[in-house]
């Protein structure tokens, strides 16, 4: 009877995920809520806990980042990125993904790529490089980048998990594993794709010609001093998150006399950072909710809310069974945890949901935190394995040459192979680094 119940609830969870993904947008979160209701009312399971800390971090970061965008700070960041990309146009397949990785880490969101993709496409076409090469690798680079950002939703979920561990790692400790692993993974992927990603275009100018920056609108976009200062204020806030995570003595105490966790500090720092941006950048406050980062971030938060609540309810009901099964597999083959994270990331297209669902099980199985962090960053590459993400759709539409394709089947799109490559390379690098790093 217990087996029948477990199978039935598993079917409900996967059905809710599949229907939610097909619906898209906030529908993912809504169907997660439906799945939670079915588990509670039909199967009689105790209701789980929604991921409040992670959600509050996401909301606070969205507010700060959207304020930067409204103040013009994102325009300055995009202009900086564009200048880096056009310096080596023939090497755009390597340079653009690394620049995308850097800026996604700093911004804590992949939404910044919506502004960079037209630049990457134009530079590629002018230099005679097949645009699908740098575009596809830049997109998949954002999947692992968010495990390297102190203020991303994925890191928010990881920090909440670390706060619950007796000897959980700080943000800086996690970054010491994830950042080098991601850089190695993205670089290796870019090199392979640059060689084997298809025939290049005929360049507009000579093969080694330098792309004129004056021809790119993003490089010459009007950037105000207030916008520049707003972006700098945001990065100071990100740095403050790292500092308070590294030095617990700097954190205030709560009503019980205990020092507050990193998750709480991120919420507070990002709210203060957003207020500073309002003072420095003087953006139109009423325009902040209409920013693309705000809209995209809130949709992601709602999706994470419903899915994570359903998954928490499901796992709490079957903790012993799931942990026993996965623990045995992880103890024998640590890579099993990476496969589980990858599979959930593919199904949900959410790094934060995959993190919250699988990482605690791996830690409970006795996997060292360093190795867990290394496997975690690589396995998040699965979110772009299927052509269901808005960033992939936008990337294909930006490529006027038609080389970046969504395909007619699930495996014939331009992001499939780069997703697998960045996952494998980052997993190998992260597993090696995580096994060696001991704090």
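Here the scattering of region 2-436 is modelled by Debye summation over its C-alpha atoms, one equal scatterer each and no solvent; at q = 0.06, 0.07, 0.09 Å⁻¹ the log10 of I(q)/I(0) is -0.24, -0.33, -0.55.
Please report how far the C-alpha centroid of region 361-439 lies from that of region 235-289, rounded to the nearest whole angstrom. Each part reduced to its Cα centre gives a spacing of 29 Å.
Assuming R0 = 22 Å, can you tell me the calculated FRET efficiency for the pair residue 339 and residue 428, based on Cβ-Cβ distance, to the nearest 0.05? Efficiency, from the Cβ-Cβ distance: 0.95.
Note on residue 52 and residue 191: their simple-model spin labels are 4.8 nm apart, each label 7 Å out from Cα toward Cβ. Among 31, 333, 309, which one shows the highest mean-square fluctuation when the chain is modelled as a Gaussian network with alpha-carbon springs under 10 Å? Of 31, 333, 309, the most mobile in the Gaussian network model is 333. Spin-label model, residue 284/residue 165: points 7 Å from Cα along the beta carbon direction are separated by 4.6 nm. Over the chain, dividing the summed -39,500 (n - 2.57) contributions of all DSSP H runs of at least 4 residues by the number of residues returns a 222 nm mean residue ellipticity of -23000 deg cm²/dmol. Compared with the dominant principal axis of the Cα atoms in the chain, helix 171-196 is inclined by about 50°. If you plug the beta carbon distance of residue 236 and residue 43 into 1/(1 + (r/R0)^6) with R0 = 56 Å, you get a FRET efficiency near 0.70.
For region 269-314, the square roots of the Cα gyration tensor eigenvalues, ordered a ≥ b ≥ c, give a/c of at least 1.5 with a/b no greater than b/c, which places it in the oblate category. Applying 1/(1 + (r/R0)^6) with r as the Cβ-Cβ distance of residue 260 and residue 15 and R0 = 45 angstrom yields a FRET efficiency of 0.70.
The numbers here are math on the coordinates, done by the rules we state, and not lab data. A quick note: this is a predicted structure, and the numbers were derived from the prediction, not measured. Every residue, glycine among them, receives a Cβ derived from its backbone with ideal geometry; neighbour counts consider all protein chains shown.
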